[in-house]
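The block underneath contains the structure these notes are about, expressed in structure tokens.
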Amino acid sequence: MKSFETKLKGCYIIEPNVFEDKRGYFLESFNVIKFKDLTNSETIFVQDNESYSTKGVLRGLHYQTGEHAQAKLVRVVKGKVLDVAVDLRKNSKTFGGYISVELSEENKKQLFVPRGFAHGFIVLSDIAIFSYKCDNYYNKDSEQGIIFNDTDLNIDWKLSKKEFIVSEKDIILNTFKNAILP
């Protein structure tokens, strides 16, 4: 297993070792000791989530505030997504910056998104099964978000806007300037 810290401090791309043969493949998707070594993080995950989405579905940009803030370890089991993390830590040198990375069943990469980040993704393949671990339980009252098409962030989602499928909840999220930050 290898990891690479992105330009956003504390946010890592993790590449598992994949063992393939004529039967298929095997990989270790998570190991707490290796995870701590790779990320220098003491994060303990308490909840696993999974979503199924079709091409163009854009989920995000979401985050939790206060004592309910969440770190996430995300991966794609089936299909391909463009995964995005936005640094919302006011004292960070990369505050307001974002990274995007393609996660897919082929590359098997994972992204560790620490607390203090907004997170979202768009499905680039016909379908995607997206799986993620959280280090804190979901709390509806602490849920916040930033509108996906915020002009200050100017995220390139790789698809044309006419292909986007966005929930009613995500269409009315705050702009980055008006966001309630973690």
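Laboratory data are not the source of any read-out in this text; all were calculated from the coordinates shown. Small disclaimer: the values here were computed from a predicted structure and weren't measured. Ideal geometry is used to build each Cβ from the backbone, glycine not excepted, and the neighbour counts take in all protein chains shown.
Quick notes on this structure:
- Subset tally (residues that are in contact (Cβ under 8 Å) with a residue 60 or more places away in the chain, in a loop (DSSP other than H, G, I, E, B) and among the polar types (S, T, N, Q)) for segment 22-47: 3
- Every residue from segment 90-105 that is among the charged types (D, E, K, R) and in a loop (DSSP other than H, G, I, E, B): 90, 93, 105
- Here the condition is being surrounded by fewer than 19 Cβ atoms within 10 Å (Cβ to Cβ), of a type in the set (A, V, I, L, M), closer than 19 Å to residue 29 by Cα and touching a Gly at 6+ places or on another chain (Cβ under 8 Å); of 165, 129, it holds for 129 alone.
- When residue 19 is tested against the conditions (1) in a strand (DSSP E or B); (2) buried (at least 19 other Cβ atoms within 10 Å of the Cβ); (3) among the aromatic types (Phe, Trp, Tyr), the lone failure is (2).
- Yes/no for residue 50 being under 15 Å from the mean Cα position of the chain (by Cα) and surrounded by fewer than 21 Cβ atoms within 10 Å (Cβ to Cβ): yes
- Neighbours by Cβ (under 6 Å, 6+ apart or cross-chain): first from segment 159-182, in contact (Cβ under 8 Å) with a residue 24 or more places away in the chain; second part of a helix (DSSP H, G or I): none
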